[in-house]
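Let me begin by presenting the structure, written as structure tokens, before commenting on it.
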Amino acid sequence: MLPAVLGFLLFTLGPMIFSLVMSFMDYGVITAPQWVGLDNWRRALFEDPLVWQSLRVTLYYAVGSVVLTSVLAFLVALLMNQPIVGQRVFRTIYYMPSVISGVPVAILWTWIFNPTIGVINTALRWVGIEGPRWLTSPEWVIPALILMSSWSIGGAMVIYLAGLQGVPNELYEAAQLDGAGAVRRTLSITLPMVSPVIFFNLVMSIIGSLQVFTQAYVMTEGGPINSSLFAVLYIYRNAFFYFQMGYGSTLAWILFLVIGLLTLLVFRSQRIWVHEEAQS
Amino acid sequence: MTDVLERPRVTGRRRWTAGRVVAQLIVLLGAAIILVPFLWMLRTAVMPLEDLFRLPVQWLPTTVEWSNFAEAWVRGKVGRYALNSFIVAGLATLGTVVTASISAYGFAYLRSRWRSALFAMVLSGLMIPGIVTLVPTYVIFRELGWLNTWMPLIAPSWFGGGAFSVFLLRQFFRTIPRELREAATLDGASELRIYARVIAPLAMPAHAAVAIFSFLGVWNDLFGPLIYINDDALQLLPVGLAAFPNPQGVTAWNLMMAGALMGMLPCLVLFFLFQRYFIQGIVTSGLRG
């Protein structure tokens, strides 16, 4: 137990407290740290419009990507749970994008979104549509990144698939005897039975998607005109580019509070839609 | 546990109903869409640069230039960065597997009244966003004089390897029949011996899963090397690829795709070799690494 407990204290709890303390300080590189009270917090909440911009962008992306990827992953898992020919091969293909995250993927998708010679707009032109300018358009940059996130549904799909295969067959047989059709069986048996799996996956996806960084750093640099200024990118800039570590800590804490609040909301909503008997 | 996944729910029925045909077709179409970015990357990587900008767009290369890979390797210094990434990811993975395993063993078997409280505490690390600890961690490592070294990227892994690894291993340990441990105890084996001779070998698949996820995590991480490493000779692949040089002012997309492909290759190879550990790891923990 010791290494993990030590690790938690040294690299999670300790820095968290330190971070909170730093958020009340002017903490640069050259000058000595100085206590400034609520200055950073006032600046972040009332004087710096980019803070709100970054939170707005981040929430927009998170909602879009969590909803889209969860729904897609669940639909694919439902289909894969049918007697599909070549199930193993398909599972491999669907999971493949999930093992290659990070910079190479960001570079690849920058190229895919190229407005004139990228594959999406080339395909769209093929059917007579002139595609948007994606990453260089303030309106389309976030939808583009949401679309990109839906490429990596594999991890969620595997989790859902395992959940689906844990639903006892007898439930379906009984419903079938009662004359319930396929849609009815999905809504009344499958969804409630796997709702705890969906819940857990939702929580982790929200936490993850609110901390997007690589895409913004590699693909858009926060642009155009700050329309993809993700919260973590803005924190990175303040803390590691302008070296305002105190202010960066304040921003990190604000994001932390937002993530905590959203997680709490999802936890609260649990009693409305997560089926209790399925929780084990 | 993977067996569950290999088996279709309804067995025996081999009738091609309309619904089955539609499901099969949608799955097929989805798989084709998933593959398009890979194929587009491969197509671009082997094309001459001037062919890329030719309109109408060529779907398939008319000239294939395999030399793009060699050129990207040299220009992007892929070899140097990849070697650095291998060393760092390797050492971090070793630390994760060893210390997560010891920790998880404790959480699975040791009798202590603090056990569940401590486990809950470690597990809460899963929910705490990494960003909130980042700035102070940087300050600590700076005070230690570790900036521009690989230490900040390796050392934390040697402290339990993170909540996910501990959780996955502990879940797996708990599926091992109690009788095995009891029998070994009756034979007079010490706790260390039981761990080394009975539990650890049985939990090989879970250790493999933890090792793979840990390796991929470090290999793909951009933030760490970005803030800690300045020296180009020590730089890792993600930062190196993100700063791929395009001296003529024209983005050499063919070389960038070749570089990106080389950057992904170790992950894809790991995946194809150890696919069943990936799936098992996800299913055991209900998490995605």
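The values are calculated or read from the model by the stated rules, or taken from the named source; none is laboratory data. Since this is a predicted model, take the numbers as computed values, not measurements. All Cβ positions, even for glycine, are placed from backbone atoms using ideal geometry, and neighbour counts span all protein chains on display. Quick note on the areas: whole protein, heavy atoms, side chains included, nothing else; ligands and nucleic acids left out. Shrake-Rupley method; radii C 1.70, N 1.55, O 1.52, S 1.80 Å.
Distance between the C-alpha centres of the stretch A:75-93 and the stretch B:72-106: 32 Å, rounded to the whole angstrom.
Express the accessible area of the protein assembly as shown per residue in Å², computed with a 1.4 Å probe while the remaining protein chains stay in the model.
46
Kirkwood hydrodynamic radius computed over the stretch B:168-289 comes to 17.7 Å, based on all pairs of distinct alpha carbons.
Counting only protein heavy atoms and using a 1.4 Å probe, what share of the accessible area of the stretch A:21-89 belongs to carbon plus sulfur, as a whole percent?
So the carbon and sulfur contribution to the accessible surface is 70 percent.
Across all directions, the shadow cast by the convex hull of chain A built on its C-alpha atoms averages 20.2 square nanometres. Heavy atoms of chains B and A lose about 8500 Å² of accessible surface on contact, summed over both sides with a 1.4 Å probe.
Computed from the alpha carbon atoms alone, the convex hull of the stretch B:110-161 holds 102 Å³ per residue. The mean number of Cβ atoms from other chains found within 10 Å of a Cβ in peptide B:161-173 is 2, as a whole number.
About the centre of its Cα atoms, the stretch A:51-273 shows a dipole size close to 120 debye [charges on the beta carbon of Lys, Arg (+1) and Asp, Glu (-1) only; nearest 20 debye].
Quick one: Cα centre-to-centre distance for the stretch A:225-271 and the stretch B:225-274, in angstrom? Using only Cα atoms to place each centre, the spacing works out to 27 Å.
In the neighborhood of A:Tyr242, defined by Cβ-to-Cβ distances under 14 Å, what is the net charge if each Lys or Arg adds +1 and each Asp or Glu adds -1?
0
Once every Cα of the protein assembly as shown carries one equal point scatterer and solvent is ignored, give the base-10 log of I(q)/I(0) from the Debye formula at q = 0.07, 0.13 Å⁻¹, two decimals. With no solvent term, the Cα-only Debye profile gives -0.45, -1.54. Take each peptide in A:102-108, A:81-87, A:56-62, count the other Cβ atoms within 10 Å of every residue, and average; sorted highest first, the result is A:102-108, A:56-62, A:81-87.
Summarising the overall dimensions of the stretch A:68-198 from its C-alpha atoms, the Rg and Dmax are 18.7, 56 angstrom.
Solvent-free Debye calculation, one equal scatterer per alpha-carbon of the stretch B:8-70: log10 I(q)/I(0) at 0.25 Å⁻¹ equals -1.06. With the alpha-carbon atoms of the stretch B:37-147 aligned to their principal axes, the span from lowest to highest coordinate is 70, 33, 26 Å, starting with the largest.
Sites counted here are chymotrypsin sites (Phe, Trp or Tyr not before Pro) in a DSSP loop (not H, G, I, E or B) having no more than 12 other Cβ atoms within 10 Å; the longest part of chain B that contains none of them is B:115-289. I'd like to know which of A:Ala239, A:Ile17, A:Tyr27 lies farthest towards the positive end of the charge dipole of chain A, counting +1 on Cβ of Lys and Arg and -1 on Cβ of Asp and Glu. The listed residue farthest towards the positive side: A:Ala239. For the stretch B:77-285, carbon and sulfur atoms together expose 64% of the accessible surface, with a 1.4 angstrom probe and every protein chain in place.
Positive end of the dipole of the protein assembly as shown, charges at C-beta (+1 Lys, Arg; -1 Asp, Glu), about the Cα centre: which of A:Leu177, A:Ser98, B:Leu134 has its Cα farthest in that direction? After comparing all options, I get A:Leu177. If one puts a single equal scatterer on every Cα of the stretch A:164-280 and applies the Debye formula without solvent, what log₁₀ I(q)/I(0) results at q = 0.18 Å⁻¹? Those come out to -0.92, one per q. Taking the protein heavy atoms of the stretch A:149-253 in the context of the full set of protein chains, the accessible area attributed to carbon and sulfur is 60 percent at 1.4 Å.
Could you work out, residue by residue across A:21-34, how many beta carbons of other chains sit within 10 Å of that residue's beta carbon, and then give the average as an integer?
Working: counts 1, 3, 2, 0, 0, 0, 3, 0, 2, 0, 0, 0, 1, 0.
That works out to 1 on average.
Here, the stretch B:77-285 has an Rg and a Dmax of 19.9, 73 Å when only alpha carbons are counted.
For peptide A:72-83, how many partner chain Cβ atoms fall within 10 Å of a residue's Cβ, on average?
That works out to 4 on average.
Given +1 at the Cβ of Lys and Arg, -1 at the Cβ of Asp and Glu and no other charges, the dipole of the stretch B:8-70 around its Cα centre is 820 debye to the nearest 20. Per residue, the protein assembly as shown reaches -19500 deg cm²/dmol at 222 nm when only DSSP H runs of four or more residues are counted, each adding -39500 (n - 2.57).
Coupling constants for the stretch A:243-259 follow from the phi torsions by the Karplus curve (6.51 cos²θ - 1.76 cosθ + 1.60, θ = phi - 60°), and in residue order they are 6, 9, 6, x, 5, x, 5, 4, 4, 4, 5, 4, 4, 4, 5, 4, 4 Hz; glycine and proline get x. Under 5 Å between amide hydrogens, built in the peptide plane, is the criterion, and for A:Met25 it picks out A:Val36 among residues at least 5 positions away or on other chains.
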